[in-house]
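Taken together, the values in this text are just the output of simple stated rules run on the coordinates, not laboratory data. The structure displayed is predicted, hence computed values, not measured ones. Cβ: placed from backbone, ideal geometry, glycine included. Neighbour counts: every protein chain shown.
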Amino acid sequence: MSAAQDEPEGAQVVDVLAPVAVDAPYSYVAPPGLGLRPGDSVTVPLGTRETYGVVWSVAEGAAPRSNLKRVTARLDRPPLPQKLRDFIDWLARYTLTPRGMALRLATRAAEDAAPDAPRTLYRATGHSPERLTPTRRRLLAAAEGGMTFSKKALAEAAACTAGVVDAMVDEGALEAVAAPPEPVARPLDPDFAAPLLEPAQSLAAGSLIEAVRTKSYKPFLLEGVTGSGKTEVYFEAIASALTEGGQALVMMPEIALTAQFLERFAARFGERPAEWHSGVSQKKRARIWRAAATGQLRVVAGARSALFLPFNNLRLIVVDEEHEGAYKQDDGASYHARDMAVVRARFENATIVLASATPSIETRVNAETGRYGHLRLHARAGARPMPLLEPIDMRREGPPRGAWIAPRLAQAIAETISRGEQALLFLNRRGYAPLTLCRDCGHRFRCTQCDAWLVEHRFRRALVCHHCGHVERRPDACPECGATESLAACGPGVERLAEEAATLFPDARTLVLSSDFPGGAERIRRELDDIANGAFDIVIGTQLVAKGHNFPQLTLVGVVDADLGLGSGDPRAAERTFQLLNQVTGRAGRGERPGRALIQTFQPEHPVIAALLSGDAEAFYAQEIALRERAGLPPFGRLAALIVSAKDAAAAEGHARALLRAAHELPPSPRYRVATLGGLPEADEIMILGPAEAPIALIRGRFRYRLLVKAPRGADVQGFLRDLLATAPRERGGVRVQIDVDPQNF
Ligand code: ADP
Ligand code: ZN
């Protein structure tokens with residue numbers, strides 16, 4: 001142990017938070033001269049190793065205690081801004097995530113964010129070399145004009161090796177100059193191509209511009225039917241942020257696939273925004289992180305994790321498709337990126353826009369009660385009509401057994417492609433068939449690690465578990481009874497639908513858009529481009545095709561199974577199905593020609609299908625909101641889930657029961673009241689439901705039980721959970737407790 005009381009004058013005591021599973025910063029002593037301030041990046045010893053950390057606070061003038069370890073180094077990183085540190089603290093408290101793990105969300109890129117080295121560039125000096133070969137002549141010609149070039153660019157221009165460039169430097173014909181590192185993004189021009197907005201768009205844009213200009217924390221719901229021009233509206237808010245010298249963040253659910261968005265952005269502002277998602281290289285991300293902190297970077301388009309960038313002057317956050325489930329993060333820290341974006345905006349005093357054609361119930365209620373501004377676009381831009389929606393009643397006009405495309409849909413497809421237009425067949429099921437069984441003995445293929453059927457993927461010749469990723473070969477004979485030729489695929493997936501389409505339309509150019517084929521996001525981006533350019537007649541896809549894409553030649557959408565998802569028993573099923581079907585049918589008729597959508601359903605009278613068909617979103621929302629209010633469900637009440645998991649089902653269930661007992665034995669608190677076990681809860685009491693099997697009762701070999709905490713709006717749910725979790729460790733003897741505040745499945 002170093003004798004820290006002997007530290008010379010000027011030594012600091014600092015609290016450093018490390019991005020690991022700890023809940024509080026640890027104190028260290030920093031040698032004088034480091035001059036540490038809150039937000040600075042350092043390395044410190046932690047246990048037996050050295051780790052990255054961020055100074056959370058500095059105790060000026062405190063006498064260092066003798067047992068403190070020393071800060072080993074200060075790193076050259078821009079400081080983590082106070083507002084971001086406050087946001088991290090808040091998020092950790094709200095989600096009950098250890099603070100170090102919350103910090104990790106913000107520093108994953110920072111740890112490698114060392115400053116870029118200056119670049120070496122080359123230019124001609126005017127001196128001729130001793131020998132002038134044709135290659136050398138080409139090189140000098142390429143370097144002429146006083147301009148500077150990278151070694152690679154020069155060698156390429158002269159079709160020579162890098163060695164020739166070096167030799168010319170040695171002989172004094174070229175000189176090397178140090179240049180600042182290449183900027184992460186080129187400047188954006190708020191006036192590059194400002195559009196002519198329609199009156200409804202202008203009105204909405206005006207409110208946003210005013211909020212950005214006055215730098216006021218103000219959330220808005222921007223609600224407008226598909227194709228109503230919401231993007232153009234929030235582009236104006238971004239322009240305003242740029243004009244004000246500030247930064248803007250656009251969050252998107254599927255950023256890796258939004259090449260179209262980047263192009264549109266470039267057409268509006270002259271350059272693309274910086275992209276932030278897991279597909280961006282670590283090096284690039286580190287540079288973006290720095291540039292966001294210095295303010296050099298002005299607009300980032302990113303996935304959930306972009307929320308934790310160290311912006312130094314954030315004026316605007318846009319959450320596009322705010323209703324999307326993809327905003328919910330469940331690995332490690334469990335948080336809803338849309339909700340956290342609203343909180344981040346509050347800390348930054350920034351304007352926040354939640355954009356959607358079908359907002360979440362939570363956001364709709366916030367807009368209706370006036371907590372959020374409500375901006376609306378009721379019609380499609382450019383006087384384009386909404387697609388015409390028609391049901392196909394599968395009870396009366398369904399296809400023959402073993403087929404899934406009804407005759408009337410097939411007819412519509414034939415007409416569409418004969419006019420040179422595109423048709424989209426939507427089925428939210430990956431693979432070939434959702435279930436495979438043996439016709440002789442009834443054996444069904446299920447995952448041994450999860451509570452799920454194995455899905456046949458014929459393209460990969462495999463059976464796949466969609467929960468854990470387990471893959472096995474599809475056998476030729478039944479593993480149970482040994483019968484051959486007895487295995488049958490039940491129900492359709494997109495691959496099987498493609499088979500049927502190929503039979504019905506052998507000459508059509510058909511594409512299955514799926515994340516299951518090799519090539520990753522790059523392949524899908526290319527295919528989306530190809531669709532937009534008219535390279536296919538029939539596109540078959542899962543929800544991947546539904547997300548915000550613009551396919552100008554697409555005029556027909558066929559929803560193959562609109563009822564899928566409605567029978568799941570999840571109270572959010574209605575909302576999700578309504579959102580998804582609106583999104584999908586909204587792909588039709590976004591170009592010059594009007595669109596049409598045919599909806600295959602066994603229950604055309606179901607409220608969700610009826611609301612979709614009539615285009616009456618208001619009726620749907622009114623009904624769903626009333627239902628939630630009656631049941632005390634979010635946003636009229638609060639929920640939190642405790643998932644208790646273990647390899648042994650009895651151990652998981654036992655611990656869940658122990659937690660339930662502990663909850664009722666907590667000493668009384670001034671901040672919340674727990675309802676008596678088995679009694680009828682009072683209006684201000686927290687109720688604990690369960691334990692019951694979690695919605696997916698077995699994942700990756702772990703059995704999962706769930707306690708659902710249901711509380712009135714004003715109750716201190718976090719305080720209750722903290723007290724409850726203090727009664728037992730969150731991980732012990734193979735039993736794990738995960739907390740999900742505001743769960744999406746309930
Ligand atoms: P949303 O985001 O609401 O689905 P978009 O912003 O993608 O809608 O706009 C839909 C289509 O309408 C796009 O092709 C867009 O270029 C076009 N558009 C938007 N605003 C206008 C406008 N003011 N005048 C003409 N076309 C517009
Ligand atoms: Zn599995």
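Just a few scattered comments:
- Computed from the Cβ-Cβ distance with R0 of 30 Å, the FRET efficiency linking Ala178 to Ala141 stands at 0.80.
- Over the chain, dividing the summed -39,500 (n - 2.57) contributions of all DSSP H runs of at least 4 residues by the number of residues returns a 222 nm mean residue ellipticity of -9000 deg cm²/dmol.
- Calculated FRET value between Asp616 and Ser202, using beta carbons and R₀ = 30 Å, to 0.05: 0.65
- The length gained by stretching the chain between Asn349 and Asp116 to full extension, at 0.36 nm per residue less their Cα-Cα distance, is 80.8 nm.
- Peptides 638-644, 387-393 ranked from most to least packed by the mean count of surrounding Cβ atoms within 10 Å: 638-644, 387-393.
- In straight-distance terms, cross-link reach from Lys284 covers every one of the aspartates and glutamates whose alpha-carbon lies under 16 Å from its own, apart from those fewer than eight places away in the same chain; here that gives Glu111, Asp112, Asp116, Glu182, Glu275.
- In nm, spacing of pseudo-spin labels at Ala403 and Glu485 (7 Å Cα→C-beta vector): 2.5
- Packing-based order for 315-321, 193-199, 138-144, using average beta carbon neighbours within 10 Å, highest first: 315-321, 138-144, 193-199
- Across the chain: Cys residues that no other cysteine approaches within a C-beta distance under 4.7 Å: Cys160, Cys468, Cys490
- Each of the peptides 581-593, 684-696 was scored by the mean count of other Cβ atoms within 10 Å over its residues; in descending order, highest first, they stand as 581-593, 684-696.
- Residues Asp530 and Ala379, FRET efficiency given R0 of 30 Å [Cβ-Cβ distance, rounded to 0.05]: 0.50
- Computed over neighbours whose Cβ is under 10 Å from that of Met168, the net charge equals -3, Lys and Arg +1, Asp and Glu -1.
- Length available on full extension from Leu680 to Glu629: 0.36 nm per residue minus the Cα-Cα distance, which gives 16.5 nm.
- Using only side-chain charges placed at the Cβ, +1 for Lys and Arg and -1 for Asp and Glu, the dipole size of segment 468-516 relative to its Cα centre rounds to 120 debye.
- Karplus-based coupling profile of segment 601-613, in residue order and whole Hz: 8, 8, 9, x, 8, 4, x, 5, 5, 4, 5, 4, 5, with θ = phi - 60° in 6.51 cos²θ - 1.76 cosθ + 1.60 and x standing for Gly or Pro.
- Net charge dipole, segment 1-158: roughly 820 debye, given to the nearest 20, about the Cα centre with Cβ charges of +1 for Lys and Arg and -1 for Asp and Glu.
- With a simple spin-label model that places each label point 7 Å from the Cα along the Cα-to-Cβ direction, the separation between Glu665 and Ala194 comes to 6.8 nm.
- A cut-off under 14 angstrom between Cβ atoms defines the neighbours of Gly420, and their net charge, with Lys, Arg +1 and Asp, Glu -1, is -2.
- Exceeding the 24 Å Cα-Cα cut-off - candidates Lys647/Lys710; Lys328/Lys647; Lys218/Lys328; Lys328/Lys710: Lys647/Lys710; Lys328/Lys647
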